[in-house]
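K.L.:
There's a structure below that I have some questions on.
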Amino acid sequence: MKIDAHQHFWRYDPRRDRWITDEMQVLKRDFLPEDLRAERTAAGVGWTVAVQADSSENETHFLLGLAESDPEIAGVVGWVDLCAENVAERLDYFSQFEKLSGFRHIAQSEPDDFLIREDFLGGIAQLEIFEFTYDILIYPQQLRAAAELVERFPRQRFVIDHMAKPRIKAGEREPWTTLMRRIARCENVYCKLSGLITEADWHSWRASDFTPYLDVVFEAFGADRLMFGSDWPVCLLAGSYSQTVKLIEDYAASGHDRIFRGNASNFYELGIE
């Protein structure tokens with residue numbers, strides 16, 4: 001059975017979830033584990049990692065609550081204020097939750113240099129002490145700062161979400177290619193094969209649209225540092241859950257067990273053999 005290393009759950013709140021715009025009507029409802037279970041099982045996915053979609057500790061507790069009652073949620077990537085003066089105290093508190101693997105901040109919404117701000121770097125230093133992972137969610141223009149970040153912390157476990165959202169619809173490959181190769185030289189950094197179809201034309205994408213970008217990350221990171229993620233339910237803007245699985249299955253000629261299971265388990269310390 002596979003591991004889906006990146007998906008979301010929420011109870012839709014129009015005041016909180018303002019990032020869901022009018023063109024995203026399909027996302028304006030609740031998405032909970034039971035809404036995906038049948039399709040996930042049909043795709044051979046036995047476990048998931050639930051990733052934060054809201055920047056609050058309430059979100060972290062919400063996901064941990066779901067994980068506590070659902071053994072198929074193998075891990076949680078939550079949110080904590082990494083720039084706060086009391087970040088060490090908060091991380092010490094969150095260390096009690098067995099399924100909490102790491103944290104993420106929606107850095108794509110921040111200035112391009114956010115990842116190398118001194119207060120944020122202080123938070124990453126604390127993550128390393130508490131042995132939590134960090135998911136890097138950025139756009140291509142923020143890759144230079146991301147490269148500086150991962151080079152400063154060679155012992156911190158990082159993963160690039162959604163391949164750093166290359167501009168697939170526009171067909172742009174630089175400077176994304178050069179900077180992804182630079183980041184991949186840091187062996188503590190993994191990359192998620194996720195969020196791709198929503199970076200292409202939502203209504204007319206083809207599998208071949210993604211080949212040049214997948215070629216880059218497979219060459220740069222290798223099959224030992226790549227992991228599959230569906231980005232469900234956001235993927236529904238451009239395709240079905242099964243299509244996200246099939247896209248990577250069809251591309252990956254080898255390394256299936258690692259990409260769809262072993263790497264996510266190792267990175268997030270899920271304990272799944």
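The values are calculated or read from the model by the stated rules, or taken from the named source; none is laboratory data. Since the model is a prediction, treat every value here as computed from it, not as a measurement. Cβ atoms come from the backbone with ideal geometry, glycine included; neighbour counts cover every protein chain shown.
K.L.:
So if I check each of G222, G239, which one is over 26 Å from L115 (Cα atoms) and not polar (S, T, N, Q)?
P.N.:
Answer to the selection: G239.
K.L.:
Taking the residues in segment 101-113 that are closer than 18 Å to I160 by Cβ and over 18 Å from the mean Cα position of the chain (by Cα) as candidates, determine which candidate is surrounded by the most Cβ atoms within 10 Å (Cβ to Cβ). Please lay out each step first, then the result.
P.N.:
At the first step, the residues of segment 101-113 found to be closer than 18 Å to I160 by Cβ are 101-110, 112-113.
Next, only the ones that are over 18 Å from the mean Cα position of the chain (by Cα) stay: 112-113.
Values: D112: 15, D113: 12.
Taking the candidates together, the pick is D112.
K.L.:
State all residues of segment 132-146 that are part of a strand (DSSP E or B), free of Cβ contacts under 8 Å to residues at least 60 places away in the same chain and of a type outside the set (A, V, I, L, M, F, W, C); if no residue qualifies, say none.
P.N.:
We begin by selecting, within segment 132-146, every residue part of a strand (DSSP E or B); these are 133-136.
Still in the running and free of Cβ contacts under 8 Å to residues at least 60 places away in the same chain: 134, 136.
Once the filter is applied, which keeps residues that are part of a strand (DSSP E or B), free of Cβ contacts under 8 Å to residues at least 60 places away in the same chain and of a type outside the set (A, V, I, L, M, F, W, C), segment 132-146 yields only Y134.
K.L.:
Listed residues A84, A53, A88, A5; which is modelled with pLDDT of 95 or more, out of contact with any Gly (no Cβ under 6 Å at 6 or more places or on another chain) and within 29 Å of I259 (Cβ to Cβ)?
P.N.:
Result: A53 is the single residue among A84, A53, A88, A5 that is modelled with pLDDT of 95 or more, out of contact with any Gly (no Cβ under 6 Å at 6 or more places or on another chain) and within 29 Å of I259 (Cβ to Cβ).
K.L.:
Is it the case that segment 150-157 has a residue that's out of contact with any Cys (no Cβ under 7 Å at 6 or more places or on another chain), part of a helix (DSSP H, G or I) and at pLDDT 95 or above?
P.N.:
yes
K.L.:
Another question, then. Looking at H162 and the list (1) outside any helix (DSSP H, G or I); (2) on the phi > 0 side of the Ramachandran plot, which single condition is not satisfied?
P.N.:
H162 satisfies all of (1) outside any helix (DSSP H, G or I); (2) on the phi > 0 side of the Ramachandran plot except (1).
K.L.:
Working carefully through the options E98, E39, E68, E57, find the one that is over 17 Å from A264 (Cβ atoms) and exposed (fewer than 14 other Cβ atoms within 10 Å of the Cβ).
P.N.:
Answer to the selection: E68.
K.L.:
Against the condition aliphatic (A, V, I, L, M), touching a helix residue (DSSP H, G or I) at 6+ places or on another chain (Cβ under 7 Å) and part of a loop (DSSP other than H, G, I, E, B), how does L82 come out, does it pass?
P.N.:
When the stated conditions are applied, L82 passes them.
K.L.:
Hey, could you check segment 209-237 for residues that are outside any helix (DSSP H, G or I) and touching a residue at least 60 places away in the same chain (Cβ under 8 Å) and say which is farthest from A38 (Cα to Cα)?
P.N.:
My answer is M227.
K.L.:
Of all residues in segment 79-128, how many are farther than 16 Å from E57 by Cα and aromatic (F, W, Y)?
P.N.:
2
K.L.:
Which condition number in (1) out of contact with any Gly (no Cβ under 7 Å at 6 or more places or on another chain); (2) surrounded by 22 or more Cβ atoms within 10 Å (Cβ to Cβ); (3) assigned to a helix (DSSP H, G or I); (4) among the hydrophobic types (A, V, I, L, M, F, W, C) is the one that F62 fails?
P.N.:
(2)
K.L.:
So E98 clears everything in (1) under 25 Å from P71 (Cα atoms); (2) part of a helix (DSSP H, G or I); (3) of a type in the set (D, E) except one condition, right? Which one?
P.N.:
(2)
K.L.:
Shifting gears a bit: Going by what's in this entry, would A252 be described as closer than 25 Å to T21 by Cα and without any contact (Cβ under 8 Å) to a residue 60 or more places away in the chain?
P.N.:
No; evaluated as a whole, the condition is false for this residue.
K.L.:
Since V77 meets every condition but one in (1) assigned to a loop (DSSP other than H, G, I, E, B); (2) buried (at least 19 other Cβ atoms within 10 Å of the Cβ), which condition does it not meet?
P.N.:
Checking V77 against (1) assigned to a loop (DSSP other than H, G, I, E, B); (2) buried (at least 19 other Cβ atoms within 10 Å of the Cβ), the one that fails is (1).
K.L.:
Report yes if some residue within segment 155-177 is of a type in the set (S, T, N, Q) and over 15 Å from I248 (Cα atoms); otherwise report no. Write out each step before concluding.
P.N.:
Pass one, segment 155-177, residues of a type in the set (S, T, N, Q): 156, 177.
This time we only want the ones that are over 15 Å from I248 (Cα atoms), so: 156, 177.
Scanning segment 155-177 turns up at least one residue that is of a type in the set (S, T, N, Q) and over 15 Å from I248 (Cα atoms).
K.L.:
Could I ask something else about it? Please go through (1) among the β-branched types (V, I, T); (2) in a helix (DSSP H, G or I); (3) touching a strand residue (DSSP E or B) at 6+ places or on another chain (Cβ under 9 Å) for I129 and return the number of the only condition it doesn't satisfy.
P.N.:
So the condition that I129 fails would be (3).
K.L.:
Okay, next question. Somewhere in segment 194-208, is a residue assigned to a loop (DSSP other than H, G, I, E, B) and in contact (Cβ under 8 Å) with a residue 60 or more places away in the chain? Spell out how you get there, then give the answer.
P.N.:
Initial filter on segment 194-208 (assigned to a loop (DSSP other than H, G, I, E, B)): 194-196, 200-206.
Still in the running and in contact (Cβ under 8 Å) with a residue 60 or more places away in the chain: 194-195.
Yes, the conditions are met somewhere in segment 194-208.
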